[in-house]
Amino acid sequence: MANFKKDSQQPYRIVLTGGPGAGKTTAADLIRREIGDCIIVVPEAATMLFEGGFPRYMEPHAQMATQKAIYHVQRNLEDVQSANYPDRILLCDRGTIDSTVYWPNGMDHFFESLNTSLEEELNRYDAVVFFETAAVGNISIESNSRVRTESLKEAVDLDRKLRAVWGRHSNFHFIPHNSSFIQKLLKANKVIQDIIQGW
């Protein structure tokens, strides 16, 4: 596991990631409420774009254009929150690396196309909290969100790929699937509390 060190002049950043249907967005809001105003949530770029009407096509060039848009919006959302709340911890609902698993030509081509690298993107974050998707327990991941399109099998596959990439971060924390979302949330809250206290 590589030892990544981020620019210390930036606010502390924790990224919540994981496969579809893992409970990240719900957890981010509840954890912020529990921990308090020292945290500001950076919303998920993909959800913002798709709910705003951004087109979604399966053709490879369209997929690449979509993921480029998500990547740039994600980076800029983080930078906006960083500038507006320099004294708060950024709790990011997904991070810039998530787009790699949706990129049709593989991770290396993604970084080359965006003129960046895995190390540079990992260095943006001080800690990674990975939520395993409920799909691994064969539990429905359907929600009220109209942007959720993945099947259970696709969710598990994306979860596995995301974990393989984010797991390279030296401060990686895994929150396994639990049939009780409350128990999963309590575990995640404790992990994040410990991360903040150890900072």
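The values are calculated or read from the model by the stated rules, or taken from the named source; none is laboratory data. Computed from a prediction, not measured in an experiment: that's the story for all the values here. No Cβ is skipped: glycine too gets one built from the backbone with ideal geometry, and neighbour counts run over all protein chains shown.
Things worth noting here:
- First in region 51-74 and aromatic (F, W, Y), second anywhere and outside any helix (DSSP H, G or I), Cβ under 8 Å, 6 or more apart: Y71/L114
- In the set (1) surrounded by fewer than 20 Cβ atoms within 10 Å (Cβ to Cβ); (2) modelled with pLDDT of 95 or more; (3) among the charged types (D, E, K, R); (4) under 20 Å from I192 (Cβ atoms), D29 fails one condition alone, (2).
- Of the residues making up region 15-23, at least one is under 22 Å from D87 (Cα atoms), within 12 Å of the chain's Cα centre (by Cα) and of a type outside the set (S, T, Y).
- Hits in region 57-87 - residues which are of a type in the set (A, V, I, L, M, F, W, C) and under 18 Å from A45 (Cβ atoms): A62, M64, A65, A69, I70, V73, L77, V80, A83
- Within region 100-132, the residues that satisfy the criterion of being free of Cβ contacts under 8 Å to residues at least 40 places away in the same chain and among the polar types (S, T, N, Q) are N115, T116, S117.
- Close pairs (6 angstrom Cβ cut-off, 6 or more residues apart or separate chains): on the phi > 0 side of the Ramachandran plot and modelled with pLDDT of 95 or more in region 165-192, hydrophobic (A, V, I, L, M, F, W, C) and exposed (fewer than 13 other Cβ atoms within 10 Å of the Cβ) anywhere: none
- Criterion: acidic (D, E) and crowded, with 18+ Cβ neighbours inside 10 Å - qualifying residue of E44, E34, E59: E44
- Restricting attention to region 30-49, the residues that are in contact (Cβ under 8 Å) with a residue 12 or more places away in the chain and over 11 Å from N189 (Cα atoms) add up to 13.
- Region 108-139 - residue that is farther than 17 Å from T17 by Cα and among the hydrophobic types (A, V, I, L, M, F, W, C) and, of those, surrounded by the most Cβ atoms within 10 Å (Cβ to Cβ): F110
- Verdict on T47 being in a helix (DSSP H, G or I) and over 20 Å from I175 (Cα atoms): yes
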